[in-house]
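The values are calculated or read from the model by the stated rules, or taken from the named source; none is laboratory data. Only a predicted model underlies this, so the values are computations on that prediction, with no experimental measurement involved. Cβ atoms come from the backbone with ideal geometry, glycine included; neighbour counts cover every protein chain shown. Heads up: the accessible areas ignore ligands, DNA and RNA and are worked out on the full protein's heavy atoms, side chains in. Shrake-Rupley method; radii C 1.70, N 1.55, O 1.52, S 1.80 Å.
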Amino acid sequence: MSATAEPQANPLSAGLERLPVHPTTLVIFGATGDLARRKLLPAVYNLAHEGALPERFQLVGVSRGEQTDEEYRQAAIESVETFSRRPPDPDVLARLFAEVRYVQGAFDDPAGYERLDAALAELDEAGGLPLNRCFYLSTAPSFFPVIVERLGAQGLHRHEDADVRVVIEKPIGRDLESAQELNRRVLDVLEEKQVFRIDHYLGKETVQNMLAFRFANGLFEPVWNRNYIDNVQITASEDIGIGTRAGYYDESGALRDLVQNHMLQLLTLLAMEPPVSFTADQVRDEKVKVLRAIPAPDPARIEEVAVRAQYAAGTAAGEDVPGYHGESDVPAESATETYAALRLEVDNWRWAGVPFYLRTGKRLARKVTEIAVTLKPVPHLAFDQAGSVGVLPNVLVFTVQPNEGVSLSLGAKIPGTRMSIRPVQMEFLYGTSFLSQSPEAYERLLLDAMRGDLTLFTRVDEVEAQWRIIDPVLRGWAALDGDVPGYEAGSQGPEQAHALMVGADRWRRI
Ligand code: BG6
């Protein structure tokens, strides 16, 4: 390199530059809960580590228990040390939490909001300007509307010369009606542009990469329709059981826990029309159109399009594990599904007639989240019969986790004198193509919420459109007599799921 030459920029680090964020106070309601400890505080730390937080950043924890600022500071440091994706740098950690505040208060007690108001005013004063406020509701869902209403009553839903945003975790309701009620109560206090409904799958790099693949490459769009695509399979399988979450999970079940939100989001990104621009509303408009194009299942014929099941005892990672009913705190009679599979259609010009298969479950053979797009077979095979045996339709797979990447299966000739074909994989793997480690979903989403970018958050009409699809399934299942079918822990799921497949379609191996 000559003495005057500019240093070479690393082309692979493009996109990692920092976007400016207005000085902000992040207030975590449910500051001592599981989500805050495992995800939010480590995410804040990693943002700090990368210099992505605003220059003036303050953290306030709100919870019911009594503790001092110092005790909360210690607890926050400990959470980061335990759960951060990278070992924390002690200096960054000490600086990040140096001025952390803890405000004690029951979420429905006005006195707590007065204390919070005073603490926020002090932080503004110390900062010399009004800081934006980002309230993160990481509490039990029953508190979401209460907290928003109390924030409103205390006047904390607005802030002169600064923005106020509220992040709401899932679940947004437990059916259409309760979701509408929650949305109504929230929007009585806040404007839609202040509401950040989290679906953490949208923060995953590979999920966003589906948009890059579809809309930054000329290769896919011409075949991205019913003429070339045979079927789409979306899998979100987990090998873990429900652990200690029976209290939440037994009330929820697999359909509400993963399908209503994460899986339908994956479907919309795969099926949506190209937005005119990547602004929040343009993207969300297109996603809502997809959801509206999905005909709601008929509850009276639910078994034709939906399968539920519950795990029975089996083995996971070589160890014997109990069935769902053997997990602690699961009611003896529980009919909650730990597995759900659906066949949906997107009834529009692009997708009519293409089955979209969705399945999710706990205690399946392994953890994998992927979207597999199978193309139609070629119209004619000119090879002799023996040579044609390995010719399979092309499958494009977006693997969200683990081994994040995209692969395309192609038929290739096996070297030798005979014309024999077998599938080979063309693969792009994040780990080998990019030098940086992918940020955790919560890092991206927290930063976007602080920046006020709503693109990766679900809009009110979107959430309700999701429930319009899920509600009839819940109703159909509730009306079914008999036991919920079982599947062995560590297996591929229930036999019954095969009945959802059309023609020669088969579930992919988990
Ligand atoms: C959560 C569900 O939303 O997503 C959990 O409540 C599930 O039950 C989790 O385990 C899966 O997320 P991830 O990022 O591990 O795929």
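Annotations
- Average Cα contact separation per residue, region 339-479, under 8 Å, 6 or more apart, as relative contact order %: 14 percent
- Entry comment: accessible area of the chain is 46 Å² per residue, from protein heavy atoms only and a probe of 1.4 Å.
- Rolling a 1.4 Å probe over the protein chains gives ASP161 an accessible area of about 130 Å².
- Region 133-254 - percent of accessible surface contributed by carbon and sulfur, probe 1.4 Å: 49 percent
- Dividing the C-alpha radius of gyration of region 55-138 by 2.2 N^0.38 Å, with N its residue count, gives 1.15.
- With at most 12 neighbouring Cβ atoms within 10 Å, loop trypsin sites (Lys or Arg not before Pro) (DSSP) excluded, longest segment of the chain: 19-417
- Residue-averaged [θ]222 nm for the chain, counting only DSSP H segments that reach four residues, each worth -39500 (n - 2.57): -9000 deg cm²/dmol
- Sorted largest first by accessible area at a 1.4 angstrom probe radius, with every protein chain in place, the residues HIS159, HIS380, HIS262, HIS325 fall in the order HIS380, HIS325, HIS159, HIS262.
- Expressed as a fraction of 2.2 N^0.38 Å, the C-alpha radius of gyration for region 246-331 is 1.53.
- Folded to 0 to 90 degrees: helix 205-215 orientation relative to the chain principal axis, Cα: 60 degrees
- The chain: angle of helix 69-83 to the longest principal axis, Cα-based, in degrees nearest 10: 20 degrees
- Rounded tilt (10° steps) of 110-127 against the dominant C-alpha axis of the chain: 80 degrees
- Contact order, relative form, for region 70-199: 20 percent (alpha carbon pairs under 8 Å, 6 or more residues apart, mean separation divided by residue count).
- Relative contact order of the chain, taken over Cα pairs closer than 8 Å and 6 or more residues apart, is 18 percent.
- Pair-distance distribution P(r) for region 382-502, from all Cα-Cα distances in 10 Å bins starting at 0: 9, 17, 25, 28, 16, 5, 0 percent.
- Annotation for region 125-147 versus region 28-81: alpha-carbon center distance of 13 Å.
- Within region 86-240, the proportion of Cα pairs with more than 23 Å between them is 58 percent.
- All-pairs alpha carbon distance profile, region 255-397, 10 Å steps from 0, percent: 9, 28, 28, 22, 12, 1, 0
- Per-selection metrics, region 179-221 (Cα): Rg and Dmax in Å: 16.2, 46
- Between GLU303 and ASP329, the FRET efficiency from the beta-carbon distance, with R0 = 25 Å, is close to 0.25.
- Normalised convex hull volume, region 144-232, alpha-carbon set, Å³ per residue: 156 Å³
- Across ASP124, ASP285, the residue with the most accessible area heads the list, and the full order at a 1.4 Å probe is ASP285, ASP124.
- Taking amide H positions as modeled 1.01 Å from N, with prolines and chain starts lacking one, the residues under 5 Å from TYR136 and 5 or more places away or on another chain are VAL27, ILE28, PHE29, VAL167.
- Alpha-carbon spread of the chain, three principal axes, descending order, Å: 81, 77, 47
- Karplus (6.51, -1.76, 1.60) ³J(HN,Hα), θ = phi - 60°, over region 411-425, in Hz, Gly and Pro reported as x: x, 10, 6, 6, x, x, 7, 8, 8, 10, 10, 8, x, 10, 10
- A convex hull fitted around the alpha carbon atoms of region 420-466 yields 152 Å³ per residue.
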